[in-house]
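Accompanying notes for the structure given below.
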Amino acid sequence: MTALPAIDVSSRLPLEPAETTHSAGSASRPTPVLSLVDREPRASRLAAIRAAGLVRHASERTEAGVEGSLPVGAVLRPLLPGGSLRRGSTVGVATANGSTSLLFALLAEASAAGSWCAVVGLPHLGLVAAAEAGIVVDRLALVPYPGPEWISVIGALIDGVDIVVTASPTGVPAAVATRLAARVRHRGAVLVPVGQWPGADITLEVARGAWHGLDEGRGRLRRREVEVVAHGRGAAARARRVHLWLPGPQGVAVPTAVTPVPVPLADRGLRAVS
């Protein structure tokens, strides 16, 4: 997402002398009036910003020159058509044990590459865990309690954020999901609902998993081995599976073909207790 240039407030033209309006039983109050002289320079500056590709009308489609996909970590690429997050798509994450770690793994690569992410309706999401998974929290917007207007909140974020994650309320109407999917395609964002979502292009799910690190009932939980299944429609109609350490000992996902190297407790700022 391209940052907008800073605007020098001192360069703005002053307003014309204010008119004074009167209403019954109220004091006079000034009403600022813009002249055509004021409007023309501002219009020309806005036109120059638009010509530079920094802003666009909300009704405009994403330009064909915009990159058509966002990167994902190597361990998840076999699950996704094209090995990436296609702009304009809806990628669901099924609610299951390990779904939060899977969500972090899905966002981490795009976040590290400069994309903005927003999370709506997940108040217990841990920022420390997100950072350990590789997400740049400086580019992570949180809306933990969107309220009854959550559809409007998601729609507004789709207009300005690369990836929008939302908790999926129980019984999302198909019409609502279809409307948001159309907006995502129009704006070139990626929608990631967590939970059941009708019409998702592809859904990722942690099918099963097992923790490692306990030996004969003693030790520490250090990593989790999981099987992640992807299923959907179109190019994702055939189910795909991968086996991962999710999370691995450093907090990031790694394939099970790679034996994770345990991180010493001292490196984590922890100490052993008896």
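One line per residue, one yes/no per condition, for (1) basic (Lys, Arg); (2) under 25 Å from Val176 (Cα atoms); (3) at pLDDT below 95:
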| site | (1), (2), (3) |
| --- | --- |
| Thr90 | no, yes, no |
| Thr100 | no, yes, yes |
| Ser111 | no, no, no |
| Val119 | no, yes, no |
| Leu125 | no, yes, yes |
| Tyr145 | no, yes, yes |
| Glu149 | no, yes, yes |
Subject >> From Ala189, Ala167, Ala174, residue being modelled with pLDDT of 95 or more and aliphatic (A, V, I, L, M) >> reply: Ala189
Original post:
Has segment 220-230 got any residue that is of a type outside the set (Val, Ile, Thr), within 30 Å of Asp159 (Cα to Cα) and either modelled with pLDDT under 75 or not in a helix (DSSP H, G or I) (or both)?
Top reply: yes
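Kindly establish whether Ile202 is within 25 Å of Ser69 (Cα to Cα), at pLDDT 70 or above and touching a Cys at 6+ places or on another chain (Cβ under 6 Å).
Details: within 25 Å of Ser69 (Cα to Cα): yes; at pLDDT 70 or above: yes; touching a Cys at 6+ places or on another chain (Cβ under 6 Å): no.
Taking the combined requirement at face value, the residue does not satisfy it.
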Subject >> Members of segment 158-213 found to be out of contact with any Asp or Glu (no Cβ under 7 Å at 6 or more places or on another chain), part of a strand (DSSP E or B) and free of Cβ contacts under 8 Å to residues at least 40 places away in the same chain, listed by number >> reply: Trp211, Gly213
Original post:
For Val137, which of the numbered conditions (1) closer than 23 Å to His186 by Cβ; (2) loosely packed, with under 14 Cβ neighbours inside 10 Å; (3) touching a Leu at 6+ places or on another chain (Cβ under 8 Å); (4) of a type outside the set (Asp, Glu) fails to hold?
Top reply: (1)
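The values are calculated or read from the model by the stated rules, or taken from the named source; none is laboratory data. Given the structure is predicted, the values throughout are model-derived calculations rather than measurements. Cβ coordinates were reconstructed from backbone atoms using ideal geometry, including for glycine residues, and neighbour counts include every protein chain displayed.
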